[in-house]
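Undergrad: Sending over a structure as structure tokens; questions will come in a sec.
The values are calculated or read from the model by the stated rules, or taken from the named source; none is laboratory data. For clarity, every value in this text was computed on a predicted model and none was experimentally measured. In this analysis, Cβ positions are derived from the backbone assuming ideal geometry, glycine residues included, and neighbour counts consider all displayed protein chains. For accessibility, only protein heavy atoms count, side chains too; no ligands or nucleic acids. Shrake-Rupley method; radii C 1.70, N 1.55, O 1.52, S 1.80 Å.
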Amino acid sequence: MKNNYVISGILAAALILLYILHFTSTPKNGGDHVKVQYAAGDSATLPIAYVNVDSLLMNYNFATDLNEALMRIEENSRASLTQKERQVQTAAQEFQRKLENNAFLTQQRAEEEQRRIQRMGEEYQNMAQKLGNELQVEQQKLNMQLSDSIRGALKDYNATRNFDVILSNTSSDNILLSHPKYDITDEVIVFLNKRYGPATTVATSEEKKK
């Protein structure tokens with residue numbers, strides 16, 4: 001994973017250097033080398049920008065709704081597992097009580113009840129595995145929807161901004177240092193939310209207050 005960050009950083013640095021050489025340099029007479037020149041007080045602005053992904057995910061209404069949907073699925077799964085776990089615990093406690101009070105008519109009957117409880121425990125484990133897999137699949141599906149939504153919106157957003165490259169930055173892992181003018185996070189969030197509208201969870205909360 002660290003190697004990917006290193007490679008991404010090298011590519012980004014090479015891209016920036018390429019733009020500097022292309023847009024702000026003049027060739028020397030009689031030579032193949034180029035020299036970067038700036039007018040006094042000028043600063044080059046490259047056709048690139050970046051988006052802080054953490055901030056985007058916290059403020060994009062569609063991401064909020066998807067996260068809420070995933071939480072509801074997780075809560076439903078947890079409730080089903082809790083109910084199944086209680087059934088197993090109740091059956092095991094009842095079995096222990098009967099065993100201590102010699103309530104089983106025969107040893108065979110006690111063994112049958114013990115096997116039944118063991119099967120209940122196995123069903124609980126299988127259920128936990130199944131629900132866990134379903135939650136993972138649902139999370140991947142929602143992540144794909146979110147990614148498609150952002151990428152599609154960025155294409156429309158960039159139709160008027162004309163950036164050559166829009167980078168993603170997460171907790172300053174990908175971009176170690178940059179001028180604030182290259183950060184378009186707030187602009188993108190406003191654009192995304194105008195397209196999507198208010199978050200369903202926010203509207204629901206406001207309705208409850210009323």
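Undergrad: With θ set to phi - 60° and the Karplus curve 6.51 cos²θ - 1.76 cosθ + 1.60, what are the ³J(HN,Hα) couplings of the range 181-197 in order, to the nearest whole Hz, using x for Gly and Pro?
TA: Residue by residue, the range 181-197 yields 5, 8, 8, 10, 4, 4, 4, 5, 4, 4, 5, 4, 6, 5, 6, 8, x Hz.
Undergrad: From the backbone phi of the range 122-137, what are the Karplus-calculated ³J(HN,Hα) couplings (6.51 cos²θ - 1.76 cosθ + 1.60, θ = phi - 60°) in whole Hz, Gly and Pro given as x?
TA: Karplus-based 3J(HN,Hα) across the range 122-137 equals 5, 5, 4, 5, 5, 5, 4, 5, 5, 5, x, 5, 5, 5, 5, 5 Hz.
Undergrad: Also: Structure shown: which of 155/181; 84/141; 98/130 lie over 29 Å apart, alpha-carbon to alpha-carbon?
TA: 98/130
Undergrad: Hey, what do the phi angles of the range 102-112 turn into as Karplus ³J(HN,Hα) couplings, whole Hz, using 6.51/-1.76/1.60 and θ = phi - 60°, x for Gly and Pro?
TA: My calculation for the range 102-112 gives 6, 7, 7, 5, 9, 5, 4, 5, 5, 5, 4 Hz in order.
Undergrad: Another question, if that's okay. Using only Cα atoms, locate the centre of the range 108-129 and the centre of the range 143-180, then give the distance between them in Å, rounded to an integer.
TA: So the two Cα centres are separated by 52 Å.
Undergrad: Hey, can you find the accessible area per residue of the range 57-210 for me, probe 1.4 Å, expressed in square angstrom?
TA: Per-residue accessible area for the range 57-210 comes out at 72 Å².
Undergrad: Over the range 71-210, what is the relative contact order in percent, taking alpha-carbon pairs closer than 8 angstrom and at least six residues apart?
TA: 23 percent
Undergrad: Can you tell me the FRET efficiency between residue 112 and residue 83 if r is taken as the Cβ-Cβ distance and R0 is 30 Å, rounded to the nearest 0.05?
TA: Using R0 = 30 Å, I get an efficiency of 0.80.
Undergrad: What distance in nm separates the two pseudo spin-label positions at residue 162 and residue 182, each 7 Å out from Cα along the beta-carbon direction?
TA: Computed distance between label sites residue 162 and residue 182 equals 2.0 nm.
Undergrad: List the residues, sorted by chain then number, that are 5 or more residues from residue 175 or on another chain and whose placed amide H is less than 5 Å from its amide H.
TA: The list, which skips near neighbours in sequence, is 170.
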